[in-house]
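Working notes, beginning with the structure itself.
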Amino acid sequence: ESLLTPAEANMLLAGITLDTRNFTKGAGTKTFAAAMYLRDNGASYDDIQDLFKANITDYKQEALFGQKIEVYRHCMAIAVNEFGSDAGDKILASRVADNLLMVEEVVASFALVQLGDSVHVSARSNGTVNVQLILESLSGGGRYDAAGAVVRNGMQQALLMLKDAIDKYLDPED
């Protein structure tokens, strides 16, 4: 008899799928064994894919980030959306940051969204850059490969602060 319901197994497998970027990052034999256990307990990859689908409104909002992307220092992608409308745009920013890692030569990505009088920054790394250290300069935090920050000085100031933090990270002697 299973200790998990199929819904619980789906949520756990969805978390593993997200954390490992579809089993392409940091997945080992224990990860696959856990996935098989969850499948045996009713988890379904089809159900999980449905969880990750975006509705058309979110898809359009995400596209707004694509209108203003800069590759800074030849390896850091920065996407900006100055027209955020609600807290859900923070989630879209994290999705944009994740997707920018798929761009050739990009090792870290930052998605900035203006919400009211603050700018929310979502950062991701392929594992070769510590985005937590970069965003700590903006009073943010997180993990080595995923971090966030809130800047209250407006978009232009947030961009300047981010670029300065990136410069200091890449050129610590200067």
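The values are calculated or read from the model by the stated rules, or taken from the named source; none is laboratory data. If you're wondering where the values come from, they're calculated on a predicted model, not measured in any experiment. Cβ: placed from backbone, ideal geometry, glycine included. Neighbour counts: every protein chain shown. What goes into the accessible areas is simple: the full protein's heavy atoms, side chains included, and nothing from ligands, DNA or RNA. Shrake-Rupley method; radii C 1.70, N 1.55, O 1.52, S 1.80 Å.
Couple of notes before you dig in:
- Of the residues screened, LYS30 is not one that is within 19 Å of the chain's Cα centre (by Cα) and charged (D, E, K, R).
- Among all positions in segment 116-127, there is at least one residue which is loosely packed, with under 15 Cβ neighbours inside 10 Å, assigned to a loop (DSSP other than H, G, I, E, B) and under 16 Å from the mean Cα position of the chain (by Cα).
- The residues in segment 104-115 that are in contact (Cβ under 8 Å) with a residue 12 or more places away in the chain and open to solvent by 70 Å² or more (accessible area, probe 1.4 Å) can be counted, and the count is 1.
- Residue check for LEU170: touching a residue at least 24 places away in the same chain (Cβ under 8 Å), more than 24 Å from ARG95 (Cβ to Cβ) and surrounded by 14 or more Cβ atoms within 10 Å (Cβ to Cβ): yes
- Against the conditions (1) open to solvent by 50 Å² or more (accessible area, probe 1.4 Å); (2) over 17 Å from the mean Cα position of the chain (by Cα), LEU159 satisfies every one except (1).
- Qualifying residue in segment 52-73 (condition: in contact with a His (Cβ under 6 Å, 6 or more places away or on another chain) and modelled with pLDDT of 90 or more): no
- Scanning segment 105-120 for residues that are β-branched (Val, Ile, Thr) and at pLDDT 95 or above yields VAL106, VAL107.
- Of all the numbered requirements in (1) aliphatic (A, V, I, L, M); (2) touching a residue at least 12 places away in the same chain (Cβ under 8 Å); (3) open to solvent by 10 Å² or more (accessible area, probe 1.4 Å), ALA93 misses one, and that requirement is (3).
- Every residue from segment 1-10 that is in a helix (DSSP H, G or I) and open to solvent by less than 80 Å² (accessible area, probe 1.4 Å): PRO6, ALA7, ALA9, ASN10
- Criterion: on the phi < 0 side of the Ramachandran plot and either at pLDDT 95 or above or in contact with an Asp or Glu (Cβ under 7 Å, 6 or more places away or on another chain) (or both) - qualifying residue of ASN130, ASN99: ASN130
- Whichever residue in segment 121-152 is touching a residue at least 24 places away in the same chain (Cβ under 8 Å) and among the polar types (S, T, N, Q) and, among such residues, is farthest from GLY26 (Cα to Cα): SER137
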